[in-house]
Amino acid sequence: QRLKAAVHYTVGCLCQEVEEDKDVQFSKQSVAAISEITFRQCEIFAKDLEMFARHAKRTTVTTEDVKLLARRSNSLLKYITQKSEELASSNMEQKEKKKKKSSVAKGERTPGEQEAAVTENEDSNMA
């Protein structure tokens, strides 16, 4: 019930924005109808995502499931793919930072520092 109220509130806010931009009016009944349709469509999406994951013998919904759901809307699919790639690269960067921090905390050298140390060792051995 709280979720339904949140959807109704958000739809109301979006309708107000459209009213200001396009100089149109939405009746309370039309806002309620849009809210109900939106809520029902979200329920359908949730069930579809669950079925996609279950069909793949998984218990977790993945970004690939979401892309499959959005396949009929090229612009939405493109947006989801772009955001998915951004998140993946951001996650990779964070993992790299964590690796560097943990190796520095353990007193280990980064690959660049190891190479410099080997070169230093070789130079001192030659002397």
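General observations
- Subset of region 74-96 (residues that are within 16 Å of residue 64 (Cβ to Cβ), aliphatic (A, V, I, L, M) and open to solvent by 90 Å² or more (accessible area, probe 1.4 Å)): 87
- Near pairs, Cβ below 6 angstrom, 6+ apart or cross-chain, from region 42-53 (under 11 Å from residue 65 (Cα atoms)) to any residue that is open to solvent by 70 Å² or more (accessible area, probe 1.4 Å) and in a helix (DSSP H, G or I): 52/68
- Selection within region 45-59 - over 19 Å from residue 81 (Cβ atoms) and open to solvent by 70 Å² or more (accessible area, probe 1.4 Å): 47, 50, 51, 54, 55, 57, 58, 59
- Within region 27-34, at least one residue is in a helix (DSSP H, G or I), modelled with pLDDT of 95 or more and touching a His at 6+ places or on another chain (Cβ under 8 Å).
- Pairs where the first residue, in region 16-36, is more than 14 Å from residue 6 (Cα to Cα) and the second is of a type in the set (S, T, N, Q) and not in a helix (DSSP H, G or I), C-beta under 9 Å, 6+ apart: 19/25
The values are calculated or read from the model by the stated rules, or taken from the named source; none is laboratory data. All values reported here derive from a predicted model rather than from experimental measurement. Positions of Cβ are backbone-derived with ideal geometry, glycine not excepted, and every protein chain shown enters the neighbour counts. Side chains are part of the model used for accessible areas, which takes the heavy atoms of the whole protein and leaves out ligands, DNA and RNA. Shrake-Rupley method; radii C 1.70, N 1.55, O 1.52, S 1.80 Å.
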